[in-house]
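These notes are about the structure you will find just below.
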Amino acid sequence: MRVLVKGAGVAGLTAAFELAIRGAAVTVVETRHGLGGNASWFAGGMLAPWCERESAEQPVLDIGRDTADWWDAVLPGQVTRAGTLVVAAPRDAGELDRFASRTSGHRRVDEDEIALLEPDLAGRFRRGLLFPDEAHLDPRQAMAALHGKLVAMGVEFRFGADAQPVSGFEWQIDCTGMAAADDRLRGVRGEMLILRTPDISLSRPVRLLHPRLPLYAVPRTDQRFMIGATMIESQSAGPVTARSMMELLGAAYALHQAFGEAEVVETGVGVRPAFPDNLPRVETSGDIVAINGLYRHGFLLAPAMARQAAGLVFSQDRTRELAHETDRQRRSA
Ligand SMILES: Cc1cc2nc3c(=O)[nH]c(=O)nc-3n(C[C@H](O)[C@H](O)[C@H](O)COP(=O)(O)OP(=O)(O)OC[C@H]3O[C@@H](n4cnc5c(N)ncnc54)[C@H](O)[C@@H]3O)c2cc1C
């Protein structure tokens, strides 16, 4: 079976994998000239379904709780399983209680345990929450590794090309994110920074709760940290605004003053594709299957959506085969 996947973000790459592993001949077309520049490229890479439940619906937790296992099995070595630490300044203790009451899968940690978990945060926060089963990965490294794996599996990539005209494929998987022709989709703009400092090290994503400026810092290699992210109802992918930059830097400084001396290595903007209920969908229309609406949860939910799409394609293909066979038998009877 020949399948065309449109879009090489996390949705397209994971779909290509789930199809290729089942034996489909997969071609991926991507309008950009390489991996990157899309929403997936600017993501934090947190696999944090318990924390996300604070604002997300139950399916995000149900679907996302085993995702770290998928990434680990497909790309060994990419996932760090060290949990998530959530902290708040003493004056924002109410935020921590509110967060705890809206989530599960955590335990309370005091100042001493925070110091054991993250020595560089010693003495800075009196109370926190540890979500021990959460994990994270570096989206750019994971996408590059998945791309390499797919090429080795025989998947063809055509960068700098869109899918027109399409011929010779039994199925198309539309993973074009915000570019999809779907007027139910809206964009949620996420601005982020990459900071580099040798003066702090973190072992896990740390979320700093604040009534106005919640922030997370996700450790990367090379003394770099992804600092994110804004949530603005807008499809604009224009440069980070001065206001957002000030807010992100202010919150990073509140997490640790050493961020004040950090180098700003990169600023970036990704637009999260979202449906009205903020839940992803796999939908079929003729020979097109669309995976979209991954919102804040692309790395967390794309593997399950990809499995669902591949399962659908293969089961419908079998149904088509059976229908052809019945038809042939009827005609020859
Ligand atoms: C700042 C930020 C932080 C985030 N943090 C996290 C996080 O910690 N954890 C998490 O799970 N999620 C996170 N997300 C969410 C996640 O990044 C998105 O849900 C996910 O990237 C959406 O993936 P996608 O493949 O649907 O879209 P995209 O990554 O945008 O990919 C769509 C691709 O389709 C291509 N395309 C468009 N039209 C065509 C065409 N006609 N033909 C071919 N190709 C086409 C585009 O060029 C693009 O490359 C974050 C997002 C942002 C912005």
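Note on segment 109-122: residues that are open to solvent by 60 Å² or more (accessible area, probe 1.4 Å) and either assigned to a loop (DSSP other than H, G, I, E, B) or of a type in the set (A, V, I, L, M) (or both) total 1. Quick one: is Glu30 farther than 26 Å from Phe131 by Cβ and in contact with a helix residue (DSSP H, G or I) (Cβ under 9 Å, 6 or more places away or on another chain)? Taking the combined requirement at face value, the residue satisfies it. Counting residues in segment 169-177 that are under 27 Å from Ser244 (Cβ atoms) and either open to solvent by 20 Å² or more (accessible area, probe 1.4 Å) or without any contact (Cβ under 8 Å) to a residue 12 or more places away in the chain (or both) gives one or more.
Selection of helices (runs of 4 or more DSSP H) fully inside segment 3-108 by the criterion of at least 1 residues being modelled with pLDDT of 95 or more and surrounded by fewer than 21 Cβ atoms within 10 Å (Cβ to Cβ) returns 10-21, 58-64, 67-74, 93-102.
Within segment 194-230, the residues that satisfy the criterion of being out of contact with any strand residue (DSSP E or B) (no Cβ under 6 Å at 6 or more places or on another chain) and hydrophobic (A, V, I, L, M, F, W, C) are Ile200, Leu213.
Assess whether Arg126 counts as being basic (Lys, Arg), free of Cβ contacts under 8 Å to residues at least 60 places away in the same chain and open to solvent by 60 Å² or more (accessible area, probe 1.4 Å). Spelling it out, Arg126 is indeed basic (Lys, Arg), free of Cβ contacts under 8 Å to residues at least 60 places away in the same chain and open to solvent by 60 Å² or more (accessible area, probe 1.4 Å).
Let's see how each residue does on (1) over 26 Å from Ala304 (Cβ atoms); (2) assigned by TED's automatic domain parsing to the domain that holds Thr27:
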site: Met153; (1), (2): no, yes
site: Phe159; (1), (2): yes, yes
site: Val166; (1), (2): yes, yes
site: Asp174; (1), (2): no, yes
site: Ile194; (1), (2): yes, no
site: Thr197; (1), (2): yes, no
site: Pro205; (1), (2): no, no
site: Arg212; (1), (2): yes, no
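All of Asn292, Asn278 fail the test of being within 12 Å of the ligand (Cβ to nearest atom) and either closer than 28 Å to Pro119 by Cβ or open to solvent by 40 Å² or more (accessible area, probe 1.4 Å) (or both), apart from Asn278. Counting the residues of segment 21-47 that are near the ligand (Cβ under 6 Å from one of its atoms), over 15 Å from Phe157 (Cβ atoms) and among the aliphatic types (A, V, I, L, M) gives 3. In the set Gln308, Gln316, only one residue is out of contact with any His (no Cβ under 6 Å at 6 or more places or on another chain), more than 26 Å from Trp50 (Cβ to Cβ) and surrounded by fewer than 22 Cβ atoms within 10 Å (Cβ to Cβ); that residue is Gln316. Selection of first residues in segment 3-24 that are closer than 22 Å to Gly286 by Cβ and of second residues that are within 13 Å of the ligand (Cβ to nearest atom) and assigned to a helix (DSSP H, G or I), restricted to Cβ pairs under 6 Å at least 6 apart or on distinct chains, gives the following pairs, ordered by first then second residue: Val5/Gly12; Val5/Ala15; Val5/Ala16; Ala11/Ala302; Ala15/Ala306; Ala15/Ala309; Glu18/Ala306. When the residues of segment 223-254 are narrowed to those that are in a loop (DSSP other than H, G, I, E, B) and polar (S, T, N, Q), which ends up nearest to the ligand (Cβ to nearest atom)? Looking at residues that are in a loop (DSSP other than H, G, I, E, B) and polar (S, T, N, Q), I get Thr230. I'm told Leu195 meets every condition in (1) more than 12 Å from the ligand (Cβ to nearest atom); (2) assigned to a strand (DSSP E or B); (3) without any contact (Cβ under 8 Å) to a residue 40 or more places away in the chain except one. Can you identify the failing condition by its number? Of (1) more than 12 Å from the ligand (Cβ to nearest atom); (2) assigned to a strand (DSSP E or B); (3) without any contact (Cβ under 8 Å) to a residue 40 or more places away in the chain, only one is false for Leu195: (3). Restricted to segment 152-168, and to residues there that are more than 13 Å from the ligand (Cβ to nearest atom) and either of a type in the set (Val, Ile, Thr) or closer than 15 Å to Arg2 by Cα (or both), the residue that is least open to solvent (accessible area, probe 1.4 Å) is Val155.
The values are calculated or read from the model by the stated rules, or taken from the named source; none is laboratory data. What you see is a predicted model; the values in this text were computed from it and never measured. Cβ: placed from backbone, ideal geometry, glycine included. Neighbour counts: every protein chain shown. Ligands, DNA and RNA are stripped out before the accessible areas are found, and what is left, the full protein with its side chains, is counted by its heavy atoms. Shrake-Rupley method; radii C 1.70, N 1.55, O 1.52, S 1.80 Å.
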